[in-house]
Structure formats: structure tokens, C-alpha cells
Amino acid sequence: MADELARLLWGPRAQPRRGPKPALSLDGIARAGIEVADAEGLAALSMQRVAELLGKTKMSLYRYVPGKAELIALMTDRAVTAPPVLTGDDWRADLTDWSTALYLAFARHPWLLEATVGARLMGPGELSWVERALTALDGKGLTGGERLDAVVLLTSHVRGIAQQSRASGTEAEARLVAALAGVLREHGEDYPATLAAMTAPAEGRDQALTFGVERILDGLEALIARRAGS
């Protein structure tokens, strides 16, 4: 199973020297799967739905992709697209741009939040994001493990904010804030810290993505400076 997935994601698909041209391609199948998942979510995705979209039979898809798990892996690697080009001049700015671009990828394809969890084999597209972020931290005095952990930390923060945005939505969040404000008007004396935070000037609020990225980078910067001075 793992070898088959590695071949699908990383290896060129062998083409017959003779005979009819293949009716389908991995890219075409993946794009059809992305179309279904974008419109209806991963729960609606099936080999049958993709086959119908392509005007083919479900059995014809199995000549190219063994099953749904492999299909999702192919879709994921194509949906993430290419990571942003980083300047290399300012590692903080580079990782901020990287984090913002990752958030936008999750926003374009919310099903990626479900598809990119757990132990799994990454394809070249997804792994290029890791490579780009690690490169931004080259030469900063961090170990390989620390650089990997930094990427995991940034990714986890971005995922958390994207997940929250997906679950609530702008209108639902506005209704929740209004309802909470009403509750605090009656019970604010029991939750003074929450009341103070909610009634503080709006500047700087609702920027959890940026705030979290900056604080993570602050920590990395402090570690880099400590290593440089030791």
C-alpha cells in the first residue's frame, strides 16, 4: 500500500509503448476529486462520484488509483499548489508570508484540514512547503529537529485558526459575539477579565492568525539570539 502510494505521488506513471492512449490521467482524476470536495466536502467524495464527473465507470478509475485514500493523497498534493516564493532576506517576513499563504490554501480548500492529519506520506507539492519553510531557517543556529518543530508549530497554529474560521463563519461568529455581549452585561461581575477584554478598544482584536505567528516568531528569534550569544 505504501509503495503504491509512493509510486502514485512521486514516480512517473509507466505508459504502454503500444496500444490506445490512456483515457484518463492522474491529474484529471485528482482535479475531478478536488471539484467534488470543494463543492460538497470529503464526506461526499467517492470513486463513483469522481467517475460520474469524468463520464467514466468507477471500475475504470481503479486502473489508475487503487482507492479513495490514494485519491485524497493525490488531490491534496495538487490542491496545496506551490508554496510562496520567499526572498531569503528576512526570515521573519518569509515565514509570515508562508503562514499567510498556508492559511489561504486551507480557506480555498477547507477539506484539506481533514485530509492533512495523521501519519501519512506527503507528495512533492506538499513537501515543498516544508522545504521552503525549513530553508527560511537555514543558518540561524537551530538544529534540524528544532527547525522541523518550528514548522510544525506554525502549521498547527495556522490549522487551528483555519479550523475555527471554517466552523464558525463570519455571520455565525458575529451572532456569537453579540450573544456573549448580552450575557456579559448581566454576568460581567463574575467574569471581569472576559468583560474587560471584550469591551476593550477593537484595535488588535480578531487578528489571531497574525498575532500567533508573530509570537511564535518572537520565540524563535529569542532562541536564535541566545544561540548566537552563547
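Cα gyration tensor of the stretch 64-158, axes a ≥ b ≥ c as square roots of the eigenvalues: rounded (a/c below 1.5), prolate (a/b > b/c) or oblate? Before the final figure, lay out the partial values.
Numbers: a/c = 2.18, a/b = 1.79, b/c = 1.22.
In terms of gyration-tensor shape, prolate.
Of the listed values [x] -0.83, -1.13, -1.27; [y] -0.71, -1.12, -1.32; [z] -0.65, -1.18, -1.51, grab the one calculated as log10 I(q)/I(0) by the Debye sum over Cα atoms at q = 0.12, 0.16, 0.18 Å⁻¹ from the structure here.
From the options [x] -0.83, -1.13, -1.27; [y] -0.71, -1.12, -1.32; [z] -0.65, -1.18, -1.51, the structure gives [x].
Which of rounded, prolate, oblate describes the stretch 93-143, given a ≥ b ≥ c as roots of the alpha-carbon gyration tensor eigenvalues and a/c under 1.5 marking rounded, otherwise prolate only if a/b is larger than b/c? Don't jump to the answer; show the numbers that get you there.
Numbers: a/c = 2.62, a/b = 1.49, b/c = 1.76.
The shape class here is oblate.
Return the distance in nm (one decimal) between the two label points of a simple spin-label model at residue 43 and residue 68, each offset 7 Å from Cα along Cα→Cβ.
So the two model labels end up 1.2 nm from each other.
Report the accessible area of residue 194, computed with a 1.4 Å probe over the heavy atoms of all protein chains in place, in Å² rounded to the nearest 10.
Accessible area of residue 194: about 60 Å².
Just the ratio, please: alpha-carbon radius of gyration of the stretch 62-115 over 2.2 N^0.38 Å, N its number of residues.
Numbers: Rg = 14.6 Å, N = 54, 2.2 N^0.38 = 10.0 Å.
Dividing the Cα Rg of the stretch 62-115 by 2.2 N^0.38 Å gives 1.46.
Between residue 4 and residue 128, take the C-beta separation as r, use R0 = 30 Å, and let me know the FRET efficiency to the nearest 0.05.
Working: r = 22 Å, r/R0 = 0.73.
Computed FRET efficiency for residue 4 and residue 128 comes out at 0.85.
Work out the length of the dipole vector of the chain about its Cα centre, built from +1 on the beta-carbon of each Lys and Arg and -1 on the beta-carbon of each Asp and Glu, and round it to the nearest 20 debye.
Values: 26 positive and 29 negative charges, 277 e Å.
Here the size comes out at about 1340 debye.
Where does helix 208-229 land angle-wise versus the long Cα axis of the chain, in degrees 0 to 90, nearest 10?
80 degrees
Provide the descending list of Cα extents for the stretch 1-134 along its principal axes, expressed in whole angstroms.
Answer, in whole Å and largest first: 53, 35, 25 Å.
For the chain, what is the mean residue ellipticity at 222 nm derived from helices alone (per DSSP H run of n ≥ 4: -39500 (n - 2.57); sum divided by total residues; nearest 500 deg cm²/dmol)? If you can, show how the numbers build up before the last one.
Working: 12 runs with 156 residues, N = 230.
Helix-only estimate at 222 nm: -21500 deg cm²/dmol.
Give me the net charge of residue 91's neighbourhood, meaning all other residues with Cβ under 10 Å from the Cβ of residue 91; Lys, Arg count +1, Asp, Glu -1.
Residues near residue 91 contribute -3 overall.
The values are calculated or read from the model by the stated rules, or taken from the named source; none is laboratory data. No experiment lies behind these values; they were computed from the predicted model shown. Positions of Cβ are generated from backbone atoms using ideal geometry, with glycine treated the same way; all protein chains shown enter the neighbour counts. These area figures cover heavy atoms from the full protein model, side chains too; ligands, DNA and RNA do not enter into them. Shrake-Rupley method; radii C 1.70, N 1.55, O 1.52, S 1.80 Å.
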